[in-house]
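Trainee: If you scroll down you'll find the structure; I have some questions about it.
Taken together, the values in this text are just the output of simple stated rules run on the coordinates, not laboratory data. Just so you know, these numbers come straight off a predicted model, no measurement behind them. Neighbour counts are summed over all protein chains in view; Cβ atoms, including those assigned to glycine, are modelled from backbone coordinates with ideal geometry.
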Amino acid sequence: MKKLINRRRFLQGSLVASAAAAFPLAKNTAAANFEGYPDSMGVLVDLSRCVGCRSCEAACNKEQNLPAPEKPFNDFSVFDELSHGQKRRTDETRYTVVNRHDIPGLKHPLFRKIQCNHCLEPACLTSCFVNAYTKTPEGAVIYDASVCVGCRTCMIACPFNIPAFRYSSAFDPKIMKCIFCYDTRLVKGLPPACVEACPQEVMTFGRRTDLLEMGRQRIRENPDAYVDHIYGENEAGGTAWMYLSPVPFEQVEFNTAVPKEPILNYVKDFLSIVPMVLTIWPALFTGIHLLATKKEKMEQQKKSEGSES
Amino acid sequence: MKAPHRTLLVAVALLLAGTSPGHGQAMDEYDAPTTVTIDSLSELYEPVIFSHVRHTKLARCKDCHHHTTGHQDMNPNCVRCHLHSPESQTVSCKDCHTRQQFYPEQVSELGNPNIYHIDKPGLKGAYHLNCIPCHVEKNAPSHCEGCHAMTDAGREFFRLTDKTPGTAKDKDSRVR
Amino acid sequence: MKTFIENKPAIPIVSHLNPNGSKWALKEKLWLGLSKQEYKEQFIRNPVNWVLIFIFAIGIPILLQRYIFGLGSITHGSNDYPWGLFLGFGLFGMVPLSASGFLLGTTVEIFGRKDFTPIERLALLNGLLGYFFAVVYLLVDLGMPWRLYYPMIVSLGPAAVLFLVAWHVATYLSVQIAEVSSAFFEWIGWLKGKRFIKSITIGLTVAGIILSTLHQGALGALFTYAPTKVHPLWLSANFQWIHFFCSAIFAGLSMVMVSAALCKRYLTWRCDRQFLDNIDRCTLGLGKGCAYALITYLVIKLVGIAHDNEWAYLLTGWGQYFMLEMALAVILPMMLFAYGVKHQRVGMVRLAAWISVLGIIWNRLNTSMICFNWQTYQEIPHWKEIWATVTVFAIYFIVYRFILYRLPILYQWQGER
């Protein structure tokens with residue numbers, strides 16, 4: 001917890017304080033890596049268990065008071081829906097979706113649930129210029145619609161393409177995304193609605209550290225049933241929601257190109273030059289100005305001296 | 001689901017070969033109830049009247065009850081500790097698998113260093129994880145309403161109330 | 001206008017005094033010294049105005065539709081493509097084209113190159129309006145435009161790159177208003193104000209360089225938030241900000257050359273001798289600067305590819321598209337600039353300027369839209385989105401022209417200055 005605050009304070013500090021020509025760069029190294037709030041919660045999703053019943057989608061819809069879907073939640077023709085060649089994704093009417101993936105060489109398809117992964121260092125949060133996002137100590141990444149300007153940078157930044165925007169509204173648009181049932185359940189220590197609704201216990205809710213241990217145990221005890229990787233352990237700097245899969249993750253259309261470090265690390269190169277430009281440029285260009293106009297000044301001086309004598 | 005499948009195959013193979021199961025002091029199918037009404041979770045679905053006697057003819061005790069009936073489990077992970085575990089006092093699913101899962105009690109329990117079974121499913125998970133693979137394998141009903149009929153609350157939950165329900169074909173098509 | 005100027009010796013207005021000795025009233029200055037009837041006549045006679053009316057006739061209802069029924073009703077903006085043309089062209093394209101203000105400010109005020117003074121004001125105005133309309137585009141695109149000031153006072157997210165953009169664009173807009181205001185003060189005849197601005201020119205110019213360096217760079221750095229979405233050839237996490245900054249240099253210079261060429265051709269009546277006589281020489285001078293900026297840009301683009309070892313991408317279809325962009329938008333104008341400057345061919349330099357203006361817009365659209373989500377699918381903008389973009393650009397054109405007609409940008413104010 002302290003670490004995150006340090007790190008974010010540093011970044012905020014470096015930009016604000018640099019205006020006052022002070023830049024505490026040394027702090028950067030102290031907070032180079034944030035490994036998450038201790039005891040923060042997470043969910044381990046085991047793809048081998050999911051049968052695609054869509055109970056989680058129904059539960060989410062009810063818990064979050066989302067609008068009625070086009071098709072009821074036990075209509076499985078949605079698995080064939082494609083938009084621009086892409087399977088269903090989260091949008092302003094659904095915070096979570098389950099998609100079917102036919103895997104070559106596997107008798108049965110796999111189902112993959114998508115929702116916010118609640119990163120430890122969320123890209124949406126670090127890219128937001130009005131601080132609309134908060135990573136709570138419980139592990140949820142929540143959003144405050146009352147300060148959002150609607151710039152949609154969070155949607156650009158999210159490596160998992162999760163935040164959705166209410167394009168349909170002119171007067172009350174906002175970002176719509178899974179909030180880990182933060183206000184209704186997570187603060188009370190309860191599992192999110194989707195987890196509780198799942199008949200197959202595809203999702204295991206618990207402390208992130210315990211989940212990692214559980215995930216490793218499942219892999220160790222059933223080495224043939226899983227690939228040896230927990231997606232989300234390090235992806236995007238670590239996420240609260242993590243996945244086990246019986247087949248390589250790219251076959252279930254996980255983005256395996258997501259870096260194993262926070263997205264923020266890619267932006268730091270630029271952030272670090274800001275205080276430098278702010279402090280060096282004035283001196284540099286004033287200096288150049290003085291040098292470039294020296295001749296002129298000397299001539300002027302000569303002239304005025306000449307006229308005096 | 002590969003591991004349960006394999007256990008199941010082994011069990012079925014043994015059954016067909018006609019070998020006698022387990023140890024002498026183990027429970028046998030005559031000690032078991034004829035039917036079990038599974039209703040502790042019924043809200044979106046009606047209770048299930050589970051014909052225990054019918055299932056004992058299709059599978060062996062340990063296929064569902066692990067080692068608790070005194071029959072030795074074949075899963076190498078379990079055998080490591082339970083090779084000689086005797087029959088236990090309680091064999092009912094709900095005696096070990098909690099109705100509520102992932103509530104603060106269960107989460108904080110994981111902090112106890114003496115617990116080995118850190119990955120024990122809740123009651124609902126235990127039922128479905130146990131039943132569905134075998135039902136799929138044996139071409140028994142494996143979609144939701146094949147075992148339990150939906151209640152009005154369920155119809156509302158799945159947003160069927162204002163629309164015509166999806167056809168049975170749709171439902172079956174997604175079951176693997 | 002030309003017809004009136006032939007018949008009316010009093011116009012165009014270049015000083016506070018009417019030739020008959022009386023002072024021009026502010027209202028008369030606004031009407032360009034024409035009667036309302038005459039003003040109407042020149043308005044109708046100009047074919048450009050009819051094109052503008054056509055654009056507005058369709059564009060204004062589209063913009064209204066956007067504010068009543070939401071962005072979804074006029075754009076193909078989606079959850080996969082949060083940023084469309086309004087930002088791709090309006091923000092990412094307009095801002096580099098508006099770098100002219102700080103570039104000419106620096107050249108004249110800091111480097112003491114007084115020989116570029118004749119087009120300094122045009123460059124400053126070009127900068128101011130470009131930024132202003134980038135903000136207008138933003139107001140069209142933002143979900144909640146009425147909260148534009150939120151990052152300033154309501155809720156601050158100072159660790160975000162966009163926060164930097166917001167603050168720097170806002171501050172720089174004020175700086176540019178101050179810089180351009182000296183022309184305005186001359187026009188309304190408030191010399192005190194002008195002298196005050198003159199006294200702080202160096203400060204304003206240095207502030208302009210700092211702010212421009214940072215937010216031109218910051219616009220590039222915005223894309224470093226999407227390392228998995230923008231094609232690697234258009235994104236270099238380490239150098240993105242300097243790629244954007246460096247390309248803004250030739251973009252801004254080219255834009256002011258294009259603007260000056262258009263003024264010389266179509267607004268001749270408004271230009272004075274000093275402007276007309278010097279414009280070709282200034283264009284060649286700026287062309288030289290552009291050639292240097294372009295070769296630098298080409299090299300740092302290659303450095304970016306080498307640094308991330310992305311050579312293999314060049315062999316793919318995307319790589320060929322990248323090389324096409326480099327050839328048409330960088331190497332071609334670079335050659336034309338170099339050849340044109342060396343052989344004093346102003347026409348060729350102007351052609352190069354046009355190419356590099358279009359090239360920079362192409363580059364920004366590539367980065368923000370075309371090569372975004374390169375692994376999934378490409379979004380084609382809704383026609384209404386394109387029309388709305390053109391409409392805002394037409395408003396930009398009108399405001400630009402309105403000011404050029406009146407303020408002493410292309411000519412020197414006679415009398416007290």
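Trainee: Treating cross-link reach as a plain straight distance, find the aspartates and glutamates whose alpha-carbon is under 13 Å from the alpha-carbon of C:LYS192, omitting any fewer than eight places away in the same chain.
Mentor: Of all the aspartates and glutamates, those that pass the test against C:LYS192 - Cα under 13 Å, at least 8 places apart if same chain - are C:GLU416.
Trainee: Taking the range A:182-306 on its own, what percent of its Cα-Cα pair distances exceed 25 Å?
Mentor: Looking at the range A:182-306, the distances longer than 25 Å represent 55 percent of pairs.
Trainee: From the phi of every residue in the range A:69-79, what ³J(HN,Hα) in whole Hz does the Karplus formula 6.51 cos²θ - 1.76 cosθ + 1.60 yield, where θ is phi - 60° and glycine or proline is x?
Mentor: Once rounded to whole Hz, the list reads x, 5, 10, x, 6, 9, 9, 9, 5, 4, 5.
Trainee: Right, here's the next one. List the residues whose amide H sits under 5 Å from the amide H of A:MET176, counting only those 5 or more places along or on another chain, with H placed 1.01 Å from N in the peptide plane.
Mentor: Residues meeting the amide H criterion: A:ALA164, A:PHE165, A:ARG166.
Trainee: When each pair of different Cα atoms in the range A:199-242 is counted once in the 1/r mean, what is the Kirkwood radius in angstroms, to one decimal? Please report the intermediate quantities before stating the final value.
Mentor: Values: mean 1/r = 0.0900 Å⁻¹.
Computed over the range A:199-242, the radius equals 11.1 Å.
Trainee: Can I ask one more? Give the distance, in whole Å, between the Cα centre of the range C:262-278 and the Cα centre of the range B:63-86.
Mentor: Spelled out, the Cα-based centre of one part sits 96 Å from the other.
Trainee: Could you calculate the FRET efficiency of A:LYS260 with C:GLN378 from 1/(1 + (r/R0)^6), where r is the beta carbon distance between them and R0 is 25 Å, rounded to 0.05?
Mentor: It comes to 0.35.
Trainee: Quick one: if the Förster radius is 22 Å, what FRET efficiency do A:SER146 and A:THR93 give, using the C-beta to C-beta distance and rounding to 0.05?
Mentor: Efficiency, rounded to the nearest 0.05: 0.55.
Trainee: Taking the alpha-carbon set of the range B:43-132, what are its Rg and Dmax in Å?
Mentor: Both quantities, over Cα of the range B:43-132: 14.6, 41 Å.
Trainee: List, in order, the whole-Hz ³J(HN,Hα) value for each residue of the range C:100-111 obtained from phi through the Karplus relation with A = 6.51, B = -1.76, C = 1.60 and θ = phi - 60°; use x for Gly and Pro.
Mentor: 3, x, 6, 5, 6, x, 4, 4, 7, 7, 8, 7
Trainee: Averaging over all projection directions, find the projected area of the Cα convex hull of the range A:128-196 and quote it in nm² with one decimal place. The partial results should precede the final answer.
Mentor: On the way: hull surface 21.4 nm².
Average projection, Cα convex hull of the range A:128-196: 5.4 nm².
Trainee: Can you give me the pair-distance distribution of chain A, C-alpha pairs, 20 Å bins, whole percents?
Mentor: Cα pair-distance distribution for chain A, in percent: 28, 48, 14, 7, 3, 0.
Trainee: Can you list residues from other chains, or at least 5 along the same chain, whose modelled amide H is less than 5 Å from the amide H of A:MET242?
Mentor: Under 5 Å from the amide H of A:MET242: A:VAL43, A:LEU44, A:VAL45.
Trainee: Are any of the pairs A:LYS295/C:LYS114; C:LYS23/C:LYS198; C:LYS114/C:LYS198 more than 18 Å apart by Cα-Cα distance, and if so, which? Intermediate results must be reported in sequence, preceding the final value.
Mentor: Numbers: A:LYS295/C:LYS114 13 Å; C:LYS23/C:LYS198 25 Å; C:LYS114/C:LYS198 15 Å.
Beyond 18 Å between Cα atoms: C:LYS23/C:LYS198.
Trainee: Taking the Cα centre as origin and putting +1 on Lys and Arg beta-carbons and -1 on Asp and Glu beta-carbons, what dipole magnitude results for the range A:243-309, to the nearest 20 debye?
Mentor: In total the dipole reaches around 380 debye.
Trainee: Taking only the alpha carbons of the protein assembly as shown, what extent do you get along each of the three principal axes, in Å, biggest first?
Mentor: Answer, in whole Å and largest first: 127, 58, 49 Å.
Trainee: To continue, here is another question. Return C:ARG364, A:ARG49, C:ARG401 ranked ascending by Cβ neighbour count within 10 Å, so the fewest neighbours appear first.
Mentor: The fewest-first ordering by Cβ neighbours comes to C:ARG401, A:ARG49, C:ARG364.
Trainee: Right, here's the next one. Restricted to Cα positions, what overall size does the range C:56-187 have along the principal axes? Three whole-Å values, descending.
Mentor: 51, 41, 27
Trainee: Search the structure for amide H atoms under 5 Å from the amide H of B:PHE50, placed 1.01 Å from N in the peptide plane, and list their residues when 5 or more places away or on another chain.
Mentor: B:VAL36, B:THR37, B:ILE38
Trainee: Okay, moving on. Which entries in the list A:LYS71/A:LYS177; C:LYS229/C:LYS301; A:LYS87/C:LYS384; A:LYS297/C:LYS342; C:LYS229/C:LYS288; A:LYS113/C:LYS229 go over 25 Å, if you measure between the two C-alpha atoms of each?
Mentor: Table pairs above 25 Å Cα-Cα are A:LYS87/C:LYS384; A:LYS297/C:LYS342; C:LYS229/C:LYS288.
Trainee: Pull out a ≥ b ≥ c, the square roots of the eigenvalues of the alpha-carbon gyration tensor of the range C:317-417, then state rounded if a/c is under 1.5, prolate if not and a/b is larger than b/c, and oblate in the remaining case. Provide the component values of the computation, followed by the final result.
Mentor: Details: a/c = 3.93, a/b = 1.36, b/c = 2.89.
Since a/c reaches 1.5 but b/c is at least a/b, the shape of the range C:317-417 is classed as oblate.
Trainee: Averaged across C:208-216, how many Cβ atoms of other chains sit within 10 Å of each residue's Cβ atom?
Mentor: 3
Trainee: Over the Cα atoms of the range C:1-92, what is the Rg over Rh ratio if Rh follows Kirkwood?
Mentor: With Rg and the Kirkwood Rh in hand, the quotient comes to 1.24.
Trainee: Another question about this same structure. Based only on other Cβ atoms within 10 Å, what is the fewest-to-most ordering of C:ARG121, B:ARG60?
Mentor: Working: C:ARG121 23, B:ARG60 18.
Fewest to most other Cβ atoms nearby, the residues stand as B:ARG60, C:ARG121.
Trainee: Further, regarding this structure: Over chain A, what is the relative contact order in whole percent, taking alpha-carbon pairs under 8 Å and six or more residues apart? List each step's numbers first, then the result.
Mentor: Working: 477 pairs, mean separation 69.3, N = 309.
Worked out over chain A, it gives 22 percent.
Trainee: Spin-label point model (7 Å from Cα, Cβ direction): what's the C:TYR266 to C:THR3 distance in nm?
Mentor: Taking the two extended label points, one gets 1.9 nm.
Trainee: For peptide C:372-381, how many partner chain Cβ atoms fall within 10 Å of a residue's Cβ, on average?
Mentor: 2
Trainee: What percent antiparallel are the DSSP beta bridges of the protein assembly as shown, to the nearest 5?
Mentor: 85 percent
Trainee: Oh, and also: May I ask which residue of A:PRO192, A:LEU110, C:THR107 lies farthest towards the positive end of the charge dipole of the protein assembly as shown, with charges of +1 (Lys, Arg) and -1 (Asp, Glu) on Cβ and the Cα centre as origin?
Mentor: Checked the options; the winner is C:THR107.
Trainee: Which whole number gives the average count of other chain Cβ atoms within 10 Å of the Cβ atoms across peptide C:291-301?
Mentor: Taking all residues of C:291-301 together, the mean is 0.
Trainee: Mind checking which aspartates and glutamates have their Cα closer than 19 Å to the Cα of A:LYS107? Skip sequence neighbours fewer than 8 apart in that chain.
Mentor: A:ASP46, A:ASP80, A:ASP224, A:GLU250, A:GLU253, B:GLU137, B:ASP170, B:ASP172
Trainee: Another question, then. In chain C, which whole DSSP H runs stretch at least 30 Å along their own axis (Cα) and average 0.5 or higher on the Kyte-Doolittle scale? Walk me through the intermediate numbers first.
Mentor: On the way: long enough: C:47-69 (33 Å, 1.73); C:117-141 (36 Å, 1.29); C:161-188 (39 Å, 1.32); C:240-266 (38 Å, 1.09); C:273-307 (50 Å, 0.65); C:383-406 (35 Å, 0.95).
Correct list, ordered by number: C:47-69, C:117-141, C:161-188, C:240-266, C:273-307, C:383-406.
Trainee: Moving on to the next point. Tabulate in residue order the Karplus-calculated ³J(HN,Hα) for the range B:44-59, using 6.51 cos²θ - 1.76 cosθ + 1.60 with θ = phi - 60°, rounded to whole Hz; enter x for Gly and Pro.
Mentor: 3J(HN,Hα) across the range B:44-59, in whole Hz: 7, 10, 5, x, 9, 8, 8, 7, 5, 5, 5, 6, 5, 7, 9, 9.
Trainee: Right, something else. In terms of the Cα gyration tensor, with a ≥ b ≥ c the square roots of its eigenvalues, is the range C:46-406 rounded because a/c is under 1.5, prolate because a/b exceeds b/c, or oblate?
Mentor: Rounded shape, in that the Cα axes give a/c under 1.5.
Trainee: Where a ≥ b ≥ c are the square roots of the eigenvalues of the C-alpha gyration tensor, would you call the range C:291-335 rounded, which needs a/c under 1.5, or, failing that, prolate if a/b is larger than b/c, or oblate?
Mentor: oblate
Trainee: If packing is taken as the average number of other Cβ atoms within 10 Å across a peptide's residues, how do C:347-353, A:99-105, C:309-315, A:58-64 rank, most packed first?
Mentor: Ranked by mean Cβ neighbours within 10 Å, highest first: C:347-353, A:58-64, A:99-105, C:309-315.
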